Amino acid sequence: MEQYVINTFDDLSSLIQKIQEKENVTLWYRGHTNGTWEIVPSIQRSNLINKERIITHSFYHSATQISDDNINYTAYDKWAAKMQHYGIPTRLLDWSYSPLIALYFATKEFNNLHSIDACIWVLLPSKLNMIQNFGPYIYPIDSFTALEMLKPAFTDKNIDNTVENKILACFSTNNDLRMYSQQAAFTIHNSSRKLIDYNDILYKIIIPYNRINYFKNILKTFGITDSYIFPDLEHIAKDVIDRHSK
């Protein structure tokens, strides 16, 4: 895994261009406010991994009683995405097609952290899929392969053995404004193996702590604010207050 340090927006732009020219494939990005955090899905970061199916059933049971969405139980992709949206630990890991979105998430908690470098992870999703014999392309999250990857979180029925102990890169197909704004994509982790264990699919871009506020201000200049990332009234109000209190 190659690792770089950036200090200016020009550094970031030039580095992404360099990686793009070298790899000549689609790049995905994920921002971490703490550069030491691992890139694993939330269900593997918690102590709830052995209760995954109980959690999904509990959420399904309650959500179907108050939601107007009428999502079929076997639409595992939609349930997993909805749970991810509301903070339920899942086997999904969020990515974005946009480095600016990743930069937002890497810098958004700056005021709450002290002397901790942030980072942006860069993933080669098609290469990840190819080395696991899925083919050199990115699947939709509602494809048969992706649904098989998600099935163990919902049922104990047998799954296709071609998806056992693997990680799949897939793009979002959900009708969701937040996912659209964030240019969302996912990796589905049907394995305890970590992305860092695979060769030549990741780059790590470190943002020094003393440069985080600089990048945060750059994003505001470009209009990448809370209400852009989370297009709802709550975050519009937050942006209005922030904008007029300074």
* Structure fact -> the chain: relative contact order from alpha carbon pairs under 8 Å, six or more residues apart, as a whole percent, is 29
* With only Lys, Arg, Asp and Glu charged, each at its Cβ (+1 for the first two, -1 for the last two), find how big the charge dipole of the chain is about the Cα centre; round to the nearest 20 debye. => 320
* To do: With a probe of 1.4 Å, find how much accessible area the stretch 86-189 has per residue, and write the answer as a whole number in Å².
  => 43
* To do: Tell me the GluC sites (Glu not before Pro) within the stretch 75-167 that lie in a loop according to DSSP and have at most 15 other beta-carbon atoms within 10 Å.
  => Glu109, Glu164
* Asked: Is the shape of the stretch 115-226 best called rounded, prolate or oblate, per the rule: a/c under 1.5 gives rounded, else a/b larger than b/c gives prolate, else oblate, with a ≥ b ≥ c the square roots of the Cα gyration tensor eigenvalues?
  -> prolate
* To do: Enumerate the lysines that Lys157 could reach by cross-link, defined here as Cα to Cα under 21 Å, with residues fewer than 8 away along the same chain left out.
  => Lys51, Lys78, Lys166
* Asked: What Kirkwood hydrodynamic radius do you get for the chain when you take the inverse of the mean 1/r over all pairs of distinct Cα atoms, in Å?
  -> 19.1
* Tell me, what % of the accessible area of the stretch 1-51 is carbon and sulfur with a 1.4 angstrom probe? -> 45
* Structure fact -> Using alpha carbon centers only, the stretch 46-65 is separated from the stretch 162-217 by a whole-angstrom value of 23
* How much length is gained on full extension from His85 to Asn24, taking 0.36 nm per residue of separation minus their Cα-Cα distance? -> 18.8 nm
* Within straight cross-link reach of Lys151, meaning Cα distance under 18 Å, which aspartates and glutamates are found once same-chain residues fewer than 8 apart are removed? -> Glu52, Asp77, Asp142, Asp160, Glu164
* Could you tell me the accessible area of Ser143 in Å² (1.4 Å probe, neighbours in place), rounded to the nearest ten? => 20
* Asked: Given the Cα-Cα distance of Ser13 and Asn72 and 0.36 nm per residue of separation, how much length would full extension add, in nm?
  -> 17.0 nm
* Structure fact -> Quick calc, Thr155 & Phe222: beta-carbon distance into FRET formula, R0 41 Å, rounding 0.05, result 0.40
* To do: Would you list which lysines come within 28 Å of Lys18, measuring only between C-alpha atoms, while excluding same-chain residues fewer than 8 positions from it?
  => Lys108, Lys127, Lys194, Lys204, Lys216, Lys220
* Asked: What distance in nm separates the simple spin-label points at Asn34 and Asn213, each placed 7 Å from Cα in the Cβ direction?
  -> 2.2
* Structure fact -> Amide H proximity to Ser172 below 5 Å, modelled H, separation 5+ or other chain, gives Phe186
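The values are calculated or read from the model by the stated rules, or taken from the named source; none is laboratory data. Only a predicted model underlies this, so the values are computations on that prediction, with no experimental measurement involved. Here Cβ is always computed from backbone atoms with ideal geometry, including for glycine, and neighbour counts include all displayed protein chains. What goes into the accessible areas is simple: the full protein's heavy atoms, side chains included, and nothing from ligands, DNA or RNA. Shrake-Rupley method; radii C 1.70, N 1.55, O 1.52, S 1.80 Å.
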